[in-house]
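Just below is one structure, and these are the notes that go with it.
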Amino acid sequence: MTSFRLDQGGLIDRNAPLNFHFDGKAYSGFQGDTLASALLANGVQLMGRSFKYHRPRGVYGSGSEEPNALMTVGKGQEQESNLRATMIDLYEGLEAKSQNAWPSLKTDVMAVNSLMSAFLPAGFYYKIFLGSANFWLLPEYFIRRAAGLGRPNELANEDDFQHHFTHCDVLVVGAGLSGVAAALSAARSGASVTLVDEHDKLGGQGLWRESSQREWLHEALAELADYPKVRLMSRTTAWGHYDDNMVACVQIEGDPGAPLPPHQPRARAWHIRAKRVIYATGAIERPLVFANNDRPGVMLAHAGAAFAGKFGVLVGKSLVVATNNDDGYHSARILADAGASVQLLDARVEVSEALQDSLKGSNIELSLGQTVLSAKGGTGGVTAAEIGGLDGRSSRMVNCDGVLSSGGWSPSIHLHSHTGGKAEWREDLQAFVPGKRLQEGVAVGAAAGIFSTQEALNSGWQQGICAAQDLGHSISAGQAPTLGSPSLDTTPILPLWSNPKPKKVKGKAFVDFQNDAGASDVVMANQEGYRSVEHLKRYTTLGMGTDQGKTANINGHALLAQAQGRAIAEVGTTTFRPPFTPLTLGAFGGPHVGEAFAPVRRTPMHALHEASGASFVEAGMWKRAEWYSRDGEDMWASIKREALHVRRAVAMCDVSTLGKIDVQGPDAQEFIQRLYCNGMKTLAIGKVRYGLMLRDDGFVFDDGTVARLDENHYYMTTTTANAAAVLAHMEYHLDVVWPELKVRVASITDQWAGMAVAGPRSRDLLQAALPHVDMSNHGLPFMGFLDTELAGLPIRVLRISFSGELAYEVHTPARFGPQVWQALSETGKDFDLMPYGTEALGALRIEKGHVAGGELDGRTTPADMGLGKMVAKKKDFIGRLGLLREGLSREDRPRLVGVIPADGRSRIIAGSQLTEEGQVGGFGKVTKSLGWISSAHFSVEHDCFVALGFVESGALRQGQTLFAASPLDDQHLPVNIVSPHMIDPQGERQNG
Amino acid sequence: MMLIPCPWCGERSENEFTYIGDARRQRPDTSALDVSDETLKAHSDYVYLRDNPKGWHQEYWQHTSGCRAHFKVERNVVDHRIRASVKADEELPSFPEGR
Ligand SMILES: [Zn+2]
């Protein structure tokens, strides 16, 4: 195979060869190569297959704009797909694979899609849905297999990723000439500066375009590196600009599979908060649109120049370069100086003499008023081009091994656009430049539409000083350097959006290579009524994909404008949204994976539960003991044993996760009164009361208990799930609604441990543990509490019951939790005490008909839950007016009921709908739902599954048989509606 | 990501705060046990109705992961600029139209 590598030139190290594989074949390149430049140096032009038609494609650009050369790089867990070969730095042992082709890149049987292209028009996916109901399933089946990008890696990535946060006075994005100038003048003025660039080296094209630029860049970067307040970051993409100048960046330390320096992560995500942002993001060249402009060997003129200048790779020996602007001359000159013979076609009929003179002494043949009409070639590259005038006539074939085009430059205004900044069309440049801005960000150089080298540098220098001075830094930065080469007399760009197609030439003229959207698709979309750029994007997918139309958008939008006979400024451009380029997801996850994904909350007694064989369930961030296994038991055996033990003897459950709120202040009583819908005024010191809290709209928000510790001091509990929300609700009303109330609230959830001791023998146990306290019904009646000591530790004993049995809760400061639990366990040995988990807890409360999360779903009123009598009549409270609404007091609202299976053994599925018909669903059949099952569990008392649910006119339906329908489980279970209080309806056990 | 000026803590990153909503709506006095139609209407508006202006918006935020205080800010919902921030019981300054 011929080598396309030049003997000299470029920023590569010819003394550092690197071996790599592409599709299993061995190649070599040099340190400083990208994967794309190394492949080109080895004569590999075919690098991918297109998304829809599977057309063979080569590399089109030389940087992050690349639409075609997407590859899968790395092995095993590090493998990543859809990476741009132009942005992967070559390393020893790199393994890359092509994508979207089978069995191979050269012979891709899916290329049949290309022959079928007439059947895959613009808006194909939309049109297919207009057909008969099931027709779309067939093509969908094939398209899913044929179309696509690389396959995601299904292995977990073990690499290290980090998150970093920093701030600076001035953030400069892009380290080309204008960016380096801005960074240097700002740093000299005294500002702290961060300079980021997506490439491996800072300096941009100046590093290889001209020696005077290179020398100045080296000096400037060396000076910047010496400032203590300057941070220089290469391989760092500023991918999103957010509010208040927060710029998100990802810094790649090593591409997938690349060796990393010790203790370095694969990538870092940076959040940089800058007082001023300078966009020195440059511009992106756009191609000319001509027939078969997607053949391997066709690329952007600048890309060809970059491969020669930066990597010492000549993309062809005999090249056709077509342009409509001055920059094509620069690229042609670089290619000719590197040794190619170049036919330069300028679509403009007249250009300045200076421009023509710039070609003097080079191997370039210039033809004015000419352009390329079609490229000829296949998987092996380009063999010829058909060239001619813009009228499409008098065309001729010329042999060549590469066709390069420059259709003008589009400033990279993405970051400006992210923050809501407008795009402004410049007719003289035929480009959108940053318009009205909403953030402290300003563009310089090519990003601002300033393309001449010296002027671009000057603009960076000026804005660097302005930014620093704005922030009060006043050291003089001196004059901007002069880099010689005065700018040429420029000849304006000729708008050229689509070249005429020669007769007899088949093949599309592509606008968006990655999405296979051609000029004809734009015209068709417009004909079919998709007239806005945003609609065009959705209909043709132009501008979508991993490159987001970086090379395609302007051509596409201009063609749309042309088709409508409107100005481009009128048609506008689509909105740029972050991220600027595709990013590795690992950087977003950062260190927050596995155990570090979210904080874990463990109760003070967690270790004791582990020692007792507990299985844990995640409840919010909490780990709660779900059940405790004993030798040989299965889950159900454990749960039933624990639940039965509460009913028959005594057991203990960790309830530390309950929300706990301390309420103090002279108006605490009044506040508590307003907070709960039931009366709290008569709650005496030393007593505890169940409380129901509503939202302002009248629906139940949360329930819990309130203990009055003192005249102006209350101790509240909330459900585990709502602890934070209830606190915020209270704070809102104190801060905003009733600021006149003198009350303070504080969360003390973490400061207190709690354990429920429940069962008929609970009193005996506590009496034995607390011989100095009168635990009789007289000494501590139902809904009373007292503060005392257990083994010298302070405890609070509250006589409250969730299970319906005689029960207590023992609360103690968190640090004493384990000792109190152990002390009770020790005394409990004489009473056969055992621990019980949240499953048994749930089973017991369902039997008893106590409501919890499943019932407190934000749609239920107190009356719905059979608690209507609790609602106070003679006080104001949050939700009182909401409850007055007609819909909330209707008698036929779904009301709480108990539900038991008619056969006495089947399991009721929570979430089932309650219906009158045995069978529900089926095609076109509507079954009325009368209600639903809110929670279900096994009842040890009834020895069968039971449930709570809501059903229309609840109480009136007791005794009826309905069906609990869960179509997803294919279950339609006959159930009997009963009272929700499925045990001890009079409450004799808990009160006794 | 916005920087939000808490009147107690100064400028802090948006992710420390919780958006609460329209600071101009006011919960009517509901203390009278007999509820008039006007009160009912005012309460219903308070619970359900929100303005959705394009431009400046007075709103409550809570410094949830900070001092936990509620406070008022005036924020432009188009570009997220904040031009004033005061404690919950203070009045936001008035600005000339169109600023
Ligand atoms: Zn604060």
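Listing for the model above:
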{"quantity": "Mean shadow area of the stretch A:333-401, taken as a quarter of the surface of its Cα convex hull (nm²)", "calculated": "5.2 nm²"}
{"quantity": "Coarse-grained scattering of the stretch A:839-992 at q = 0.09 Å⁻¹, given as base-10 log I(q)/I(0) from a Debye sum over alpha-carbon atoms", "calculated": "-0.30"}
{"quantity": "Evaluated at q = 0.12, 0.16, 0.18 Å⁻¹: base-10 log I(q)/I(0), Debye formula over Cα of the stretch A:727-799", "calculated": "-0.52, -0.71, -0.79"}
{"quantity": "Minimum 10 Å² accessible area buried by the other protein chains, the stretch A:729-752 residues, probe 1.4 Å, relative to alone", "calculated": "A:E731, A:Y732, A:D735, A:V736, A:V737, A:W738, A:P739"}
{"quantity": "Cα pair distances exceeding 58 angstrom across chain A, given as percent", "calculated": "35 percent"}
{"quantity": "Integer Hz, Karplus 6.51/-1.76/1.60 couplings in order for the stretch B:48-65, x for Gly and Pro", "calculated": "10, 9, 10, 6, 10, x, 9, x, 6, 9, 8, 8, 8, 10, 10, 7, 4, 9"}
{"quantity": "Summed side-chain charge close to A:K623 - residues other than A:K623 whose Cβ falls under 13 Å, Lys, Arg +1, Asp, Glu -1", "calculated": "-2"}
{"quantity": "Long-range amide H partners of A:V321 with built H, under 5 Å", "calculated": "A:Q343, A:L344, A:L345, A:L404"}
{"quantity": "For chain A, size of Cβ-based charge dipole, Lys and Arg +1, Asp and Glu -1, in debye", "calculated": "1760 debye"}
{"quantity": "Largest-first principal axis extents, alpha carbons of the stretch A:191-332, Å", "calculated": "49, 35, 34"}
{"quantity": "Under 17 Å from A:K504, Cα to Cα: aspartates and glutamates that are on another chain or at least 8 residues apart", "calculated": "A:E386, A:D391"}
{"quantity": "18 Å Cα cut-off, lysine pairs counted over the stretch A:4-108 (separation 8 or more, or different chains)", "calculated": "6"}
{"quantity": "Two-decimal Rg to Rh for the stretch A:515-583 - Kirkwood Rh, Cα set", "calculated": "0.96"}
{"quantity": "Set of lysines with alpha-carbon distance to A:K925 below 20 Å, sequence-local pairs under 8 removed", "calculated": "none"}
{"quantity": "Distance between the stretch A:432-461 and the stretch A:53-70 - C-alpha centres, whole angstrom", "calculated": "28 Å"}
{"quantity": "Distant-in-sequence amide H partners of A:G784 (H built 1.01 Å from N, under 5 Å)", "calculated": "A:V688, A:R799"}
{"quantity": "Dipole magnitude of chain B about its Cα centre (Cβ charges: Lys, Arg +1; Asp, Glu -1), debye to nearest 20", "calculated": "360 debye"}
{"quantity": "Cα centroid separation, the stretch A:847-879 to the stretch A:969-992 (Å)", "calculated": "18 Å"}
{"quantity": "Sparse-neighbourhood loop sites, trypsin sites (Lys or Arg not before Pro) in the stretch A:203-291 - DSSP loop, at most 15 other Cβ within 10 angstrom", "calculated": "A:K229"}
{"quantity": "Free-standing Cys residues across the protein assembly as shown, given no other cysteine C-beta under 4.7 angstrom", "calculated": "A:C168, A:C249, A:C400, A:C466, A:C653, A:C677, A:C944, B:C67"}
{"quantity": "Local net charge near A:T657, Cβ-Cβ under 12 Å (Lys/Arg +1, Asp/Glu -1)", "calculated": "+2"}
{"quantity": "Cβ-Cβ FRET estimate between A:A16 and A:Q356, R0 fixed at 56 Å, reported to 0.05", "calculated": "0.85"}
{"quantity": "Rounded D (µm²/s) - the stretch A:168-253, Kirkwood Rh over Cα pairs, Stokes-Einstein at 10 °C, 1.306 mPa s", "calculated": "123 µm²/s"}
{"quantity": "Solvent-accessible area lost in complex, 20 Å² minimum, residues of the stretch A:420-451 relative to chain alone, 1.4 Å", "calculated": "A:L438"}
{"quantity": "FRET efficiency for A:E570 and A:A725, using Cβ-Cβ distance with R0 set to 30 Å, rounded to 0.05", "calculated": "0.05"}
{"quantity": "C-alpha long axis of helix A:553-564 to longest principal axis of chain A, angle in °", "calculated": "80 degrees"}
{"quantity": "Computed magnitude of the charge dipole of the stretch A:617-768 (debye, nearest 20; Cβ of K, R +1, Cβ of D, E -1)", "calculated": "660 debye"}
{"quantity": "Percent accessible area from carbon and sulfur atoms, the protein assembly as shown, protein chains only, probe 1.4 Å", "calculated": "52 percent"}
{"quantity": "Trypsin sites (Lys or Arg not before Pro) within the stretch A:345-390: DSSP coil, no more than 11 neighbouring Cβ in 10 Å", "calculated": "A:K360"}
{"quantity": "Calculated SAXS-style log₁₀ I(q)/I(0) at q = 0.18, 0.19, 0.20 Å⁻¹ - the stretch A:386-514, Debye, Cα scatterers", "calculated": "-1.13, -1.19, -1.24"}
{"quantity": "Inter-centroid distance (Cα atoms) of the stretch A:187-218 relative to the stretch B:1-67, Å", "calculated": "49 Å"}
{"quantity": "Compactness relative to 2.2 N^0.38 Å, alpha carbon Rg of the stretch A:606-738", "calculated": "1.31"}
{"quantity": "Estimated vicinal HN-Hα couplings, Hz - the stretch B:37-43 in sequence order (Karplus 6.51, -1.76, 1.60; Gly, Pro = x)", "calculated": "4, 5, 4, 4, 5, 4, 5"}
{"quantity": "Summed buried accessible area for A+B [probe radius 1.4 Å, Å², rounded to 100]", "calculated": "2300 Å²"}
{"quantity": "Cα-derived Rg over Rh, computed across the stretch A:615-664 with Rh taken as Kirkwood radius", "calculated": "1.10"}
{"quantity": "For the stretch A:290-306, Karplus couplings with θ = phi - 60° (6.51, -1.76, 1.60), whole Hz, Gly/Pro x", "calculated": "9, 4, 6, 6, 10, 5, x, x, 9, 7, 5, 4, 5, 4, x, 5, 5"}
{"quantity": "Volume in Å³ per residue [convex hull over Cα atoms, computed for chain B]", "calculated": "124 Å³"}
{"quantity": "Partner aspartates and glutamates for A:K687 [C-alpha distance under 15 Å; skip if fewer than 8 residues away on the same chain]", "calculated": "A:D710, A:E711, A:D787, A:E809"}
{"quantity": "C-alpha long axis of helix A:177-189 to longest principal axis of chain A, angle in °", "calculated": "60 degrees"}
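The values are calculated or read from the model by the stated rules, or taken from the named source; none is laboratory data. Just so we're clear, the structure is a prediction, and the values are computed from it rather than from any experiment. FYI the Cβ positions are ideal-geometry reconstructions off the backbone, even for glycines, and counts take in every protein chain you see. Calculation scope for accessible area: heavy atoms of the full protein, side chains included, ligands and nucleic acids excluded. Shrake-Rupley method; radii C 1.70, N 1.55, O 1.52, S 1.80 Å.
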